[in-house]
Amino acid sequence: MSTETRPGVGERSRLRLLQLAALTSTVDRFAIAPLLVVIGLDLKAPLSAVAAVASAYFLAYGLMQPVWGMISDRVGRVRVMRLSLLGAALAGVGSMLAPNLLVLGLTRTLAGGCFAALIPATLVYVGDMWPAAVRQRPLSDVLAASSLGIAVATAGAGLLADLLHWRAVPAVTGVAAALLWVALARLPEPDREPSTGNPLRSVARVLRNRWALVVFALVFVEGIVVLGVLTYLAPAVQALGSSAALAGLVAASFGVGALAWSRLVRSLVGRSSAGGLATIGGALLVAGWAVPAVAVNIATVTVAGLLLGGSWAFLHTTLQSWATEVVPTERATAVALFAALLFLGSSAGTAAVGPLADSGAFGTAFRLALVVAVPLALAAALARTRYGT
């Protein structure tokens, strides 16, 4: 593990660049939720069809995780991030100019596939450059930037759509990707030997580890019940008659909650067990979906977002850190598979809830999320506690 730096690029600068990469990727990923209704109205498409575009984005985001992970093992973490940012910038321009839903779906899928490289690459970079004893702190900082990106995306996307046009949103993330492509030229590659073996053998070694399979199963379900259903917080508010801007502000409570709770997580690292952190996150997850399961209104959706953000900060960061250590000799592959399953779960959740959202049955969707959240919370707490003993 290297702490080598180039002149003027110290540890803090490296972390800031990683945070900006994570933030940009997250903004692009979460910006579509507040835009579902306005895109449908503009392109004369039903909500379920526009939601299918979001589902395709998440699917590409998930499927490309292991591909980018294998490439990064061979060409380097920074090179992969810069290559993906270039593709994301082009996809942003294409989305801005899309004349119909089909073209928008294709360009958004390309954007998802490109932005997919950033989060796992930043996580693996942290794993390469920071020792295990302190690794969860920079991971928490990257998560905080990602959480800020959620808040910026959900609040800002709706506001931009109301003030300008929904097309301004992919334009902004495309420009940000281009600027980051330039900035990341300053980020040093970790001092490591490139992998030259068969990447499928690396995948096989990870999949032979039973604890890795447990982590993957947990994060797949988390993707369904958190990111997948979360897509419909903003449409649920818009179904009450609210504007895209207000719906985005309400949905931004998830990002605000994740950012605020992540500060507490950071202070508890080293003082509380990983199993304890997972238990708190699971409790917040159940409470988060219990609130709008009772009644869907602006207040309950806002509280749900804040509580689910806490679950993301506690439970997801615990699973994320676990993924970096469960198979240390194959860290990049393990993290890539972890991220892939998270977003495959997200795609599945978004697609599954689409018909309910199209018919306005948001309360039913949130009650189903609650039913899935309870066993997930129990399984995550028990598994992480048992792994640590």
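In whole Hz, with x marking every Gly and Pro, tabulate ³J(HN,Hα) for the stretch 116-125 from phi via Karplus 6.51 cos²θ - 1.76 cosθ + 1.60, θ = phi - 60°.
After applying 6.51 cos²θ - 1.76 cosθ + 1.60, I find 4, 6, 6, 4, x, 5, 5, 5, 5, 4 Hz.
Classify the stretch 75-215 as rounded, prolate or oblate, taking a ≥ b ≥ c as the square roots of the eigenvalues of its Cα gyration tensor: rounded when a/c is under 1.5, otherwise prolate if a/b is larger than b/c and oblate if not.
Prolate.
For the stretch 268-306 and the stretch 316-336, what is the separation of their Cα centres, given in Å?
When both Cα centres are located, 23 Å separates them.
From the Cα trace of the stretch 200-254, what convex hull volume per residue do you get, rounded to a whole Å³?
Spelled out: Cα convex hull of the stretch 200-254, divided by residues, is 93 Å³.
What ranking of Arg77, Arg208, Arg331 comes out by heavy-atom accessible area, probe 1.4 Å, highest first?
Putting Arg77, Arg208, Arg331 in descending order of accessible area: Arg208, Arg331, Arg77.
Can you find, among Phe314, Ala348, Val296, the residue sitting farthest towards the positive end of the charge dipole of the chain, where Lys and Arg contribute +1 and Asp and Glu -1 at Cβ?
Ranked along the dipole, the leading option is Phe314.
In the calculated pair distance distribution of the chain, what percentage of Cα-Cα distances lie above 35 Å? Don't skip to the end; give the middle numbers.
Numbers: 14262 of 75466 pairs.
Looking at the chain, the distances longer than 35 Å represent 19 percent of pairs.
Heavy-atom accessible area per residue, the chain, 1.4 Å probe: how many Å²?
With the other protein chains kept in place, the chain gives 37 Å² per residue.
For the stretch 20-91 and the stretch 207-247, write down the distance between their C-alpha centroids in whole Å.
The two parts, judged by their Cα centres, are 15 Å apart.
I need the shape label for the stretch 260-306. Rule: rounded when a/c is under 1.5, else prolate if a/b > b/c, else oblate, with a, b, c from the alpha carbon gyration tensor.
Verdict is oblate for the stretch 260-306.
Given a 1.4 Å probe and heavy atoms of the protein chains only, how would you sort Arg201, Arg29, largest accessible area at the top?
So the residues, ranked largest to smallest area, are Arg201, Arg29.
Counting Lys and Arg as +1 and Asp and Glu as -1, what is the net charge of the other residues whose Cβ lies under 12 Å from the Cβ of Ala91?
Net charge around Ala91: 0.
So for the pair Leu163, Trp211, with labels modelled 7 Å out along Cα→Cβ, what separation do we get in nm?
Distance between label points: 4.8 nm.
In the stretch 207-304, if every C-alpha pair distance is counted and binned at 5 Å from zero, what percent goes to each bin?
2, 11, 18, 21, 18, 14, 9, 5, 2, 1, 0
Taking the Cα centre as origin and putting +1 on Lys and Arg beta-carbons and -1 on Asp and Glu beta-carbons, what dipole magnitude results for the stretch 13-85, to the nearest 20 debye?
380
Once every DSSP H run of n ≥ 4 in the chain is given -39500 (n - 2.57) and the sum is divided by its residues, what mean residue ellipticity at 222 nm do you get, rounded to the nearest 500 deg cm²/dmol?
-25500 deg cm²/dmol
Once the whole set of protein chains is in place, how much accessible area is left on Ile224, using a 1.4 Å probe, in Å² to the nearest 10?
Solvent-accessible area, nearest 10 Å²: 50 Å².
Where a ≥ b ≥ c are the square roots of the eigenvalues of the C-alpha gyration tensor, would you call the stretch 1-150 rounded, which needs a/c under 1.5, or, failing that, prolate if a/b is larger than b/c, or oblate?
In terms of gyration-tensor shape, prolate.
The values are calculated or read from the model by the stated rules, or taken from the named source; none is laboratory data. Model, not experiment: these values are computed from the prediction. Neighbour counts run over all protein chains shown; Cβ positions are idealised from the backbone, glycine included. Side chains included, ligands, DNA and RNA excluded: accessible areas come from the protein's heavy atoms. Shrake-Rupley method; radii C 1.70, N 1.55, O 1.52, S 1.80 Å.
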